[in-house]
Structure formats: structure tokens, C-alpha cells
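Scroll down for the structure; my scribbles are underneath it.
Rule-based calculations on the coordinates, nothing more; no lab input. Computed from a prediction, not measured in an experiment: that's the story for all the values here. Because the Cβ atoms are built from the backbone with ideal geometry, glycine has one as well, and the counts that use them run over all protein chains shown.
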Amino acid sequence: MENGCRVLIPILVIQLLAVLCASSQDFDFFYFVQQWPGSYCDTRRSCCYPTTGKPDADFGIHGLWPNYDDGSYPSNCDSSTRFVASEISDLTSSLQKYWPTLACPTSNGLKFWSHEWLKHGTCAESVFDQHGYFEAALNLKKQVNLLQALENAGIKPDGRFYSVEKIKEAIKEATGFTPGIECNVDSSRNHQLYQVYLCVDTSGTNFIECPIASSSRCYGKIEFPSFGSHGREDFLDHEEL
Ligand code: 5GP
Ligand code: 5GP
């Protein structure tokens, strides 16, 4: 009996810890965040095109971010995990197209994807492994065509100014859900359409109405800049993982 307890108690303690650890990574919903490349690139910081060349003039994925209903969010939830590039080799060409990196110095994207997996993806390990996380984001991207939704409402990336409300309405019309809109400022200090936030349920597959509004930093009319020629291709300096 005493020997049985000696074995059983540590097992129970380990199981209890596993349950506690898993539930401490819980979250309420995901933000699925897409960025307009024109607005990333025309800022004072500028941008660098990936080693694979200038991305399409389309919204690209920034990330799939677990979030709490009170507006706070978990991050870097598993220090014991690593990003393993070979686990997503079947997704690489889709990621290059739909989740391109624009940060400098020029890179192939692995650094951006690794950052997003470690900072945000590890907080959804109760739902996804690394491959599942990127696959889910790509599937969400295929479900919404933001550029088409905006163009259907006459909102084009032509450097003109459009009302934030009209932008939200156009996306709601196409997706059924009200997005969050985030602005940044270009090198002439114009406020412009930078990121679009849509909310997704905890399975990572269905869009939902957002439990809370994301921070926005934009009001009234904002610029929708073209994706011009602000980027660089500083291949001399590129860093691979
Ligand atoms: P910023 O400070 O530029 O708004 O955000 C910097 C980074 O913090 C984002 O790229 C993202 O990784 C994280 N972040 C900012 N706001 C949110 C949020 O509302 N939810 C989550 N999950 N992450 C956020
Ligand atoms: P977050 O703001 O999500 O915490 O961090 C984004 C990180 O990914 C930053 O270190 C940023 O330099 C890097 N990054 C690489 N490519 C991109 C990109 O295309 N857009 C954004 N927003 N960040 C990128």
C-alpha cells in the first residue's frame, strides 16, 4: 500500500500540474489581423521586400492572436517550445504569398512566422500545434477577401481618403462581421488604413462578432494608400533562420 502511494501521488501531482498549466493558457477568442502592405511601407521606417520579391498588392496576414474578453492577452506561453521550420514546409509557398514579411532587413519570412508562433501561437497550444496554427490562419485568409470587399464599396488603394465607418460597413457587408480598423501614419503624418482585425472563435475556424473593440487610432477619414515603391530589396543584408 505504502509503495503504491509512493508511485501514485507523484503521478497525480504531475496530472494536476498538467491540467493547471493547460488551463492557464486559456483564452476567449482570436484576433485575426491583416496588414495593408502600402501602409507598412510608406512610413518613416519604410520596409524591405522578402527574398521572394515584392508581395502582391493585397492584405497580408499579420497574425492570429489569442485574446481575453477584457482586452488583455497572453503572450509567449511556452518557453519550452521552438519554432521548427521543417514542420510547415508544405505551407511555405502559401505563407510566402499570404503572410509575407515586410520588416527590414530582408528575410524569407521564417523570422516573422517564428515570432508569431512563439509570441501568440504558443498561447493556443490547447487548440493547435505549430502546423495547425499556420494552416488555420491560411484557411481564415481564404475565407475573406478584404480588398475585394472594399473595392465592391468603391474603396480603393488609390491614395484617397475614405471614412472609417464606410470601411467598416464594406467589410461587414462582405463578411457579416464588424472589423476593428487600426491606423498608422505615413511619412507626411497622414493617418491611414494599416490593419484590419476580425474576431474568430476559440476553435480558430469561425468568424464571430468581436467581444470587444480593438484599439484603433483612427477617426473620420483616413487614407488608403497604394502599395507603391517605398520598399527596398536589401538582399546583401538578408538574415535567414
Ligand atoms: P502595438 O503596440 O503596435 O499595437 O502592438 C504590438 C504587438 O503587440 C502586436 O503586433 C501584437 O503582437 C501585440 N498586440 C497588440 N495589441 C494586441 C491585442 O489587442 N491582442 C493581442 N493578442 N496582441 C496584441
Ligand atoms: P508584433 O508586433 O506582432 O509583436 O511583432 C511583429 C514582429 O515581427 C516585429 O519584430 C517585426 O519587426 C516583425 N515583422 C516581420 N515582418 C513583419 C511584417 O510584415 N509586419 C509586421 N507588423 N511585423 C513584422
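Quick notes
- Candidates Gly204, Gly231, Gly176, ranked by Gaussian network fluctuation over the chain, Cα under 10 Å, top entry: Gly176
- Note, ³J(HN,Hα) from phi for region 98-109, Karplus 6.51, -1.76, 1.60, rounded to Hz, x at Gly and Pro: 9, 9, x, 8, 10, 6, 9, x, 3, 8, 8, x
- Proximity of backbone amide H atoms, modeled 1.01 Å from N, is registered between Trp99 and Ile61 at under 5 Å, excluding neighbours fewer than 5 places apart on the same chain.
- Three-way shape label, region 65-138, alpha-carbon gyration tensor, a/c 1.5: prolate
- Gyration tensor verdict on region 149-201 (Cα atoms; rounded if a/c is under 1.5, prolate if a/b is larger than b/c, oblate otherwise): oblate
- Footprinting exposure proxy ranking of Val127, Val84, Val200, fewest other C-beta atoms within 10 angstrom first, gives Val84, Val127, Val200.
- 30 Å Cα-Cα threshold exceeded, pairs from Lys111/Lys141; Lys111/Lys166; Lys119/Lys156; Lys54/Lys156; Lys142/Lys166; Lys119/Lys166: Lys111/Lys166; Lys119/Lys156; Lys119/Lys166
- Amide H contacts of Ile208: Cys199, Val200, Asp201, each under 5 Å away and 5 or more positions distant or on a separate chain (H built 1.01 Å from N in the peptide plane; Pro and chain starts excluded).
- Residue with peak Gaussian network fluctuation, the chain [Cα springs, cutoff 10 Å], from Leu102, Leu91, Leu198: Leu91
- Cα gyration tensor shape of region 120-241, rounded if a/c is under 1.5, else prolate or oblate by comparing a/b with b/c: oblate
- GluC sites (Glu not before Pro) within region 133-234: DSSP coil, no more than 13 neighbouring Cβ in 10 Å: Glu209, Glu233
- Cβ crowding within 10 Å, taken as a proxy for footprinting-reagent exposure, orders Asp28, Asp90 from fewest neighbours to most as Asp90, Asp28.
- Across region 58-71, computed HN-Hα scalar couplings (Karplus, 6.51 cos²θ - 1.76 cosθ + 1.60, θ = phi - 60°) run 8, 5, x, 5, 9, x, 10, 10, x, 9, 9, 4, 8, x Hz from first to last residue, x flagging Gly and Pro.
- Of the DSSP H helices in the chain, those whose Cα atoms cover at least 15 Å axially and whose Kyte score averages -1.0 or more: 2-24, 130-143, 164-175
- Amide hydrogen neighbours beyond the local backbone of Cys77, cut-off 5 Å, H modeled: Thr122, Cys123
- In sequence order, region 72-78 has phi-based couplings of 7, 8, x, 8, 6, 7, 9 Hz under the Karplus curve 6.51 cos²θ - 1.76 cosθ + 1.60, θ = phi - 60°, and Gly or Pro positions carry x.
- Ratio of Rg to Rh over the chain (Cα coordinates, Kirkwood Rh, two decimals): 1.06
- GNM top mover of Pro157, Pro225, Pro211 - the chain, alpha-carbon springs below 10 Å: Pro211
- Computed [θ] at 222 nm, helices only, for the chain once each DSSP H run of length n ≥ 4 contributes -39500 (n - 2.57): -10000 deg cm²/dmol
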